[in-house]
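Below you'll find the structure, written out as structure tokens, and then a few comments.
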Amino acid sequence: MPADHPHVTPTERAATLASRRRAYDRRTNPAGLELGRSNNNLDVVRHDGRTWLALRTAPSHFASADARIEVLASADEGATWALDRTIAVGRDVREPRFVSWHGRLLLSWFTAGTRATRFEPDVIWVSERDGAGWDEPEAISPPDCVVWRVRPIDDRLCMTVYRGAGSLFTASPVPLTVELWISDDGRRWAPADPLHPAVHVGGAEAEFIQLPDGRVTAVVRKEGPEGGWGSDIALAPHFDPTTWITRHDPRKFDSPYLFLDKGRPHLVARRQVAFGGRYDLGLRFLPDGLRTKVDQLAYWLTPKRTALYRIDPDALTATWLADLPSAGDTAFAGSIPTADGRGHLVFNYSSPPHHRWWPWVLGQLRPTHISVVEVHLPDAT
């Protein structure tokens, strides 16, 4: 179990964290940008010589008709930002996902409902930016779909989508399924295996990345009861990215984000501080439905951190390296390489880090902001 400290790394110098700062402040805020109390659910990418940051801003973490996605661009490594686009449709908007591919910049997201006590995913949208600006958004999915990640595998775009989430926090949840979709143009999408679209059953947020040898590794959050409680770490062969070999982990890696450092996969995700990091409390005497609700309640009422892990794609394990400065409501990371290529600028959102013992639910009701931390990882030994 890691020592619970927002800055200090383990004694083996598994990672070095430096120069935490707000991704924006009164000095760097672009003209026309009005942020809400809750600023979260972000993505970041480098494209065409600029850094692009997309974030959700709303009155709180929960669904709202006032939610917006703001797209910012910086030509000076985030020293200053320009407001490039606002997405506001009178209902909740979440999970902005950039992909820079063959000289094109595409942004995906999904719309949801307006009731704060419900999670009501609608459809996934995509828009592309060219020299004249962003084109008209286009719906690319049926209802009840949530986009998690868009990345290239070989020469095609791939997207992980989870379905069934509209029932996730109801009295009668249905099993969640994760599908892997492919596209040759970023506009028309279909399951990689139309006859068997689900690559995972029981999971929700499904992060993936292609390794230098062509294999694909993934991390999937699981709420239970279908498929268990916690997470799965997965690996797919190069020749078949739809066949996932999985290993269960009792920790729930919320909002998983993978990146490569010197060819090795690393994970940034929300970490449970209580119960030795476990999500499932192991209350096997309870019916599965009630057990799931108890696990969810305990998770909401305990503190969280944004944590950095090393993934072993062969052993299918995640080793904790460090906590980023974070507390309360936190995670949803993204990263870009530093200008010198020797480290990574990791963006994430958080409640004020000095509120170390705020439970997650309290952080969801209080202000959150986007910060960036420079991370350096050691060479392989």
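None of Asp379, Asp288 is at pLDDT below 95, under 30 Å from Glu77 (Cβ atoms) and acidic (Asp, Glu) except Asp379. If a residue must be surrounded by 16 or more Cβ atoms within 10 Å (Cβ to Cβ) and among the basic types (Lys, Arg), how many such residues does segment 274-292 contain? Total satisfying the criteria: 2. Kindly indicate whether Pro143 is at pLDDT below 95, under 25 Å from Thr177 (Cβ atoms) and in contact with a helix residue (DSSP H, G or I) (Cβ under 6 Å, 6 or more places away or on another chain). Answer is no for this residue. Looking only at segment 299-318, residues that are crowded, with 24+ Cβ neighbours inside 10 Å and within 19 Å of Thr368 (Cα to Cα) come to 4 in all. Set side by side, the residues Arg251, Arg270 differ, and just one is touching a Lys or Arg at 6+ places or on another chain (Cβ under 9 Å), basic (Lys, Arg), assigned to a loop (DSSP other than H, G, I, E, B) and modelled with pLDDT of 95 or more, which is Arg251. Kindly indicate the residue of segment 333-351 that is small (Gly, Ala, Ser) and modelled with pLDDT under 95 and also surrounded by the most Cβ atoms within 10 Å (Cβ to Cβ) among those meeting that condition. Looking at the filtered set, the residue picked out is Gly343. Candidates in segment 236-262 are the residues that are charged (D, E, K, R) and under 16 Å from Ala331 (Cα atoms); of these, the one that is surrounded by the most Cβ atoms within 10 Å (Cβ to Cβ) is Lys252.
Residue by residue, here is whether (1) part of a strand (DSSP E or B); (2) buried (at least 21 other Cβ atoms within 10 Å of the Cβ); (3) in contact with a Ser or Thr (Cβ under 8 Å, 6 or more places away or on another chain); (4) of a type outside the set (S, T, N, Q) holds:
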{"residue": "Gly36", "(1), (2), (3), (4)": "no, no, yes, yes"}
{"residue": "Asp43", "(1), (2), (3), (4)": "yes, yes, no, yes"}
{"residue": "Thr57", "(1), (2), (3), (4)": "yes, yes, yes, no"}
{"residue": "Ile69", "(1), (2), (3), (4)": "yes, yes, yes, yes"}
{"residue": "Thr86", "(1), (2), (3), (4)": "yes, no, no, no"}
{"residue": "Pro96", "(1), (2), (3), (4)": "yes, yes, yes, yes"}
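Contact annotation: residue pairs with Cβ atoms under 9 Å, 6 or more positions apart or on different chains, pairing a residue in segment 346-359 that is of a type in the set (Lys, Arg) with a partner that is not in a loop (DSSP other than H, G, I, E, B), are Arg356/Arg305. Residue pairs whose Cβ atoms lie under 6 Å apart, sitting 6 or more positions apart in sequence or on different chains, and linking a residue in segment 361-377 that is under 20 Å from Ala23 (Cβ atoms) and free of Cβ contacts under 8 Å to residues at least 24 places away in the same chain to a partner that is of a type outside the set (A, V, I, L, M, F, W, C) and part of a strand (DSSP E or B), do not occur here.
When Pro96, Pro121, Pro137 are screened for being within 18 Å of the chain's Cα centre (by Cα), touching a residue at least 40 places away in the same chain (Cβ under 8 Å) and closer than 26 Å to Ile336 by Cα, only Pro96 passes. All of Leu316, Leu321, Leu301 fail the test of being of a type in the set (A, V, I, L, M, F, W, C) and in contact with a helix residue (DSSP H, G or I) (Cβ under 7 Å, 6 or more places away or on another chain), apart from Leu301. Taken over segment 166-213, residues that are of a type outside the set (Lys, Arg), assigned to a loop (DSSP other than H, G, I, E, B), surrounded by fewer than 16 Cβ atoms within 10 Å (Cβ to Cβ) and modelled with pLDDT of 90 or more amount to 7.
Looking at (1) hydrophobic (A, V, I, L, M, F, W, C); (2) at pLDDT 95 or above; (3) assigned to a strand (DSSP E or B); (4) surrounded by fewer than 17 Cβ atoms within 10 Å (Cβ to Cβ), which one does Ala18 not meet, given that it meets all the others? Here Ala18 clears every test but (2). Can you list residue pairs whose Cβ atoms sit under 8 Å apart, with the first residue in segment 315-328 being of a type in the set (D, E, K, R) and the second being crowded, with 24+ Cβ neighbours inside 10 Å? Count only pairs 6 or more apart in sequence or on different chains. These pairs meet every condition: Asp323/Arg271; Asp323/Arg305; Asp323/Thr306; Asp323/Ala307; Asp323/Leu308.
If you check Tyr279 against the conditions, is it assigned to a helix (DSSP H, G or I), farther than 27 Å from Gln210 by Cα and in contact with a strand residue (DSSP E or B) (Cβ under 7 Å, 6 or more places away or on another chain)? Considered against the rule, which asks whether it is assigned to a helix (DSSP H, G or I), farther than 27 Å from Gln210 by Cα and in contact with a strand residue (DSSP E or B) (Cβ under 7 Å, 6 or more places away or on another chain), Tyr279 comes out as no.
Is it the case that segment 226-235 has a residue that's buried (at least 22 other Cβ atoms within 10 Å of the Cβ), modelled with pLDDT of 95 or more, among the hydroxyl-bearing types (Ser, Thr, Tyr) and assigned to a strand (DSSP E or B)? Yes, the conditions are met somewhere in segment 226-235.
The values are calculated or read from the model by the stated rules, or taken from the named source; none is laboratory data. Note that this is a predicted model, so its numbers are computed, not measured. As a convention, Cβ positions derive from the backbone with ideal geometry for all residues, glycine included, and neighbour counts pool all protein chains shown.
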